[in-house]
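Peer 1: Take a look at this one; I'll ask things after.
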Amino acid sequence: MTLLAILAATLMAGVGSVWLAALLGFGMLSRYTEHMLSLAAGALLATAFMHLLPEAFESQVSADHLFPTLLAGLIFFFLLDKAELWHHGHEHHHAHHHDHDEHKAHAGHQHRSSGSWAILTGDSVHCFGDGVLIASAFVADMRLGVVAALAVLMHEVPHHMGDLAVLRQASDNRRMAFLKVSLAGALTAMGGLVGYFLVAELKAYLPYFLAIASSSFLYVALADLIPQLQKKLSARETVAQIIWLVVGMGMVTLASHLTHSSH
């Protein structure tokens with residue numbers, strides 16, 4: 001049952017996010033992209049602070065061990081980011097949609113000329129890692145797994161929008177770009193499968209897996225999403241940003257309550 005739930009949730013988060021990204025990026029909803037960044041940041045922060053970390057700290061493992069794990073996780077994801085394997089997509093999306101910003105457009109062009117495989121490699125590693133993290137959450141608690149999968153879905157949508165934009169610029173083939181990013185997204189399910197067997201074998205270390213999952217969510221929210229929301233905005237735009245941030249937190253909390261009440 002847990003394995004089936006993991007496979008369903010990882011496919012929803014991995015491939016479903018690509019389909020949503022295509023709808024937003026290629027369709028009529030593209031103007032809501034900025035709001036997706038706020039929504040995703042809220043969902044990731046709420047999942048880490050209100051669900052994953054409390055679950056980890058409820059275990060027999062002491063805070064003296066879990067906090068260093070959280071710190072090590074943040075440094076690990078920072079190093080992955082340096083290797084361009086974790087942080088992907090957003091800057092390209094902004095280069096694509098805000099062509100008045102010539103510096104960003106130039107940066108996007110430079111990255112594009114280096115080939116789209118770097119993006120797909122980063123995407124694949126990121127999606128596989130997300131799958132392992134979702135599996136860890138499901139093994140701990142079904143409700144926690146649903147919340148983690150929802151948070152991953154939300155933050156992958158703006159990521160994949162950036163990827164689709166860059167791949168389209170590189171090849172001018174919308175269908176091929178969609179197929180490539182979908183295949184990378186499908187690796188989330190493979191990560192879920194590996195994560196399930198890995199965490200089941202190492203169940204005593206589950207609190208550590210949850211701390212690492214938290215560090216992943218916190219890193220993406222604080223190093224990737226939040227900085228993009230820091231630009232100068234009008235009062236009305238700032239209020240909209242805060243509302244979407246709170247909506248992201250609320251959706252995660254609602255998903256947790258609904259899953260809990262159905263058990």
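The values are calculated or read from the model by the stated rules, or taken from the named source; none is laboratory data. Just so it is clear, the model here is predicted, and its values are computed rather than measured. A quick note on method: Cβ atoms are made from the backbone with ideal geometry, for glycine too, and the neighbour counts reach across all protein chains shown.
Peer 1: Say whether the condition of being crowded, with 23+ Cβ neighbours inside 10 Å and either over 25 Å from His51 (Cα atoms) or in contact with a strand residue (DSSP E or B) (Cβ under 6 Å, 6 or more places away or on another chain) (or both) is met by at least one residue in segment 179-199.
Peer 2: yes
Peer 1: Further, regarding this structure: From the list Gly145, Gly131, Gly192, Gly162, pick out the single residue that is modelled with pLDDT of 85 or more and within 20 Å of Glu84 (Cβ to Cβ).
Peer 2: Going through Gly145, Gly131, Gly192, Gly162 in turn, just one is modelled with pLDDT of 85 or more and within 20 Å of Glu84 (Cβ to Cβ): Gly131.
Peer 1: Quick one: count up the residues across segment 206-231 that are touching a helix residue (DSSP H, G or I) at 6+ places or on another chain (Cβ under 9 Å) and surrounded by fewer than 16 Cβ atoms within 10 Å (Cβ to Cβ).
Peer 2: So the answer is 2.
Peer 1: Moving on to the next point. Quick one: in segment 147-175, of everything that is surrounded by fewer than 24 Cβ atoms within 10 Å (Cβ to Cβ) and of a type in the set (D, E, K, R), which residue is farthest from the chain's Cα centre (by Cα)?
Peer 2: Checked segment 147-175; the qualifying residue farthest from the chain's Cα centre (by Cα) is Asp172.
Peer 1: Within the set of pairs 6+ apart or on separate chains, which have a first residue in segment 45-74 that is under 24 Å from Leu150 (Cβ atoms), a second that is of a type in the set (Asp, Glu), and C-beta atoms under 8 Å apart?
Peer 2: Glu55/Asp141
Peer 1: Right, next: Mind counting the residues in segment 208-235 that are closer than 17 Å to Ala148 by Cβ and either of a type in the set (Val, Ile, Thr) or not in a helix (DSSP H, G or I) (or both)?
Peer 2: 2
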